[in-house]
Amino acid sequence: MSDGFAGAVTSSSENELLRAFVEMADTLVDEYDVADLLHRLAKYCVTLLGASAAGLLLADQRGGLEVAASSDESSRTLELLQLQTEQGPCRDAYGSGEQVHVEDVTVEKARWPLFAPEAAAAGFRSVHALPLRLRRQVIGTLSLFGRDASALPGSALSVARALADIATIGILHERAVRRGEQLTEQLQHALNSRVVIEQAKGVLAHAGGLEMEVAFDRLRAYSRGHNARLSQVAEAVVRGELPPERILGQPGAKRHPRRGGIHPESP
């Protein structure tokens, strides 16, 4: 573990740097584990940039921050501390969308009265927080901790920013794909349900000598009266689990106490 930040990314680390960018870029074209991606990013910040420790906070669906990854337990503790005290460089970077660089945290007690002493007590002096941001959307922060009071060299900052940007794009891409898949599944379910409902209408119309529109009204009234989903009742009719006469005026069906399905009452 390094005490301070490396002066630059040396030629000896070029292959590892290239491998890091290739792995991060893979998130844009293939399936991946977000948690694993973020942990790798934290580790790269230590091995490539010479940070003593690194951690990432990620916003949840409600906009609250959670610890998503850390290079070790000490950085995880500091990230949790910032969430609990609602102060620190990561909180500021997330709120402003701007980078926060602190070369010596011991002089920031007035700014962060709870976080600064704890960070110093944990053996850290410098903290650099970068927002995970795409345009105006900020989804979290990347923090780099150093045990010496020092600035983050320009070359190291550029690499950290590039890795964070790729991770941000990958995370947002994965979320967009997941939302798209959910939407597709919802649409397909709606289409499938409609087919089943049309089939159930046909069964009821034939059994009762009714117009299709009247059959649908009976089907819908039954589902409402029994607090069941329309598609669920229709599927029970099509499968023969719910006799048409139960819907067309005779005693209705009741829910199964465990499965929630529609079952005909016993005569």
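The values are calculated or read from the model by the stated rules, or taken from the named source; none is laboratory data. Keep in mind it's a predicted model, so treat the numbers as computed, not measured. Neighbour counts are summed over all protein chains in view; Cβ atoms, including those assigned to glycine, are modelled from backbone coordinates with ideal geometry.
Exactly one residue among Arg194, Arg218 is more than 30 Å from Phe21 (Cβ to Cβ) and either surrounded by 15 or more Cβ atoms within 10 Å (Cβ to Cβ) or among the polar types (S, T, N, Q) (or both), and that residue is Arg218. Does Arg111 count as touching a strand residue (DSSP E or B) at 6+ places or on another chain (Cβ under 8 Å) and either surrounded by fewer than 16 Cβ atoms within 10 Å (Cβ to Cβ) or of a type in the set (D, E, K, R) (or both)? Criteria not met by Arg111. Which of the following residues is over 30 Å from Ala122 (Cβ atoms) and out of contact with any Gly (no Cβ under 6 Å at 6 or more places or on another chain): Ala176, Ala164? Answer to the check: Ala176. Suppose the filter is in a helix (DSSP H, G or I) and within 30 Å of Pro244 (Cβ to Cβ); does Ala164 pass it? Judged against the criteria, Ala164 is not a match.
Leu134 meets the conditions (1) in contact with a Cys (Cβ under 7 Å, 6 or more places away or on another chain); (2) hydrophobic (A, V, I, L, M, F, W, C); (3) free of Cβ contacts under 8 Å to residues at least 60 places away in the same chain in every case but one. The failed one is (1). Within the range 126-146, identify whether any single residue is of a type in the set (A, V, I, L, M, F, W, C), assigned to a loop (DSSP other than H, G, I, E, B) and under 20 Å from Leu48 (Cα atoms), and answer yes or no. Checked against the condition, which is being of a type in the set (A, V, I, L, M, F, W, C), assigned to a loop (DSSP other than H, G, I, E, B) and under 20 Å from Leu48 (Cα atoms), the range 126-146 yields no hits at all. Would you mind stating whether Leu132 is surrounded by fewer than 19 Cβ atoms within 10 Å (Cβ to Cβ), at pLDDT below 95, in the same structural domain as Ala54 (by TED's automatic domain parsing) and not basic (Lys, Arg)? Considered against the rule, which asks whether it is surrounded by fewer than 19 Cβ atoms within 10 Å (Cβ to Cβ), at pLDDT below 95, in the same structural domain as Ala54 (by TED's automatic domain parsing) and not basic (Lys, Arg), Leu132 comes out as no.
Within the range 59-73, the residues that satisfy the criterion of being crowded, with 18+ Cβ neighbours inside 10 Å and out of contact with any Leu (no Cβ under 7 Å at 6 or more places or on another chain) are Ser70, Ser71.
For Glu245, the requirement of being loosely packed, with under 15 Cβ neighbours inside 10 Å, more than 34 Å from the chain's Cα centre (by Cα) and among the acidic types (Asp, Glu) is met.
Scoring Leu142 on the criteria (1) more than 14 Å from Ala42 (Cβ to Cβ); (2) in contact with a Cys (Cβ under 8 Å, 6 or more places away or on another chain) leaves a single failure, condition (1). The one condition from (1) of a type in the set (Val, Ile, Thr); (2) at pLDDT below 90; (3) touching a Leu at 6+ places or on another chain (Cβ under 7 Å) that Ile171 does not meet is (3).
Only one of (1) modelled with pLDDT under 90; (2) touching a Ser or Thr at 6+ places or on another chain (Cβ under 7 Å); (3) assigned to a strand (DSSP E or B) fails for Ala54. Which number is that? Condition (1) is where Ala54 drops out.
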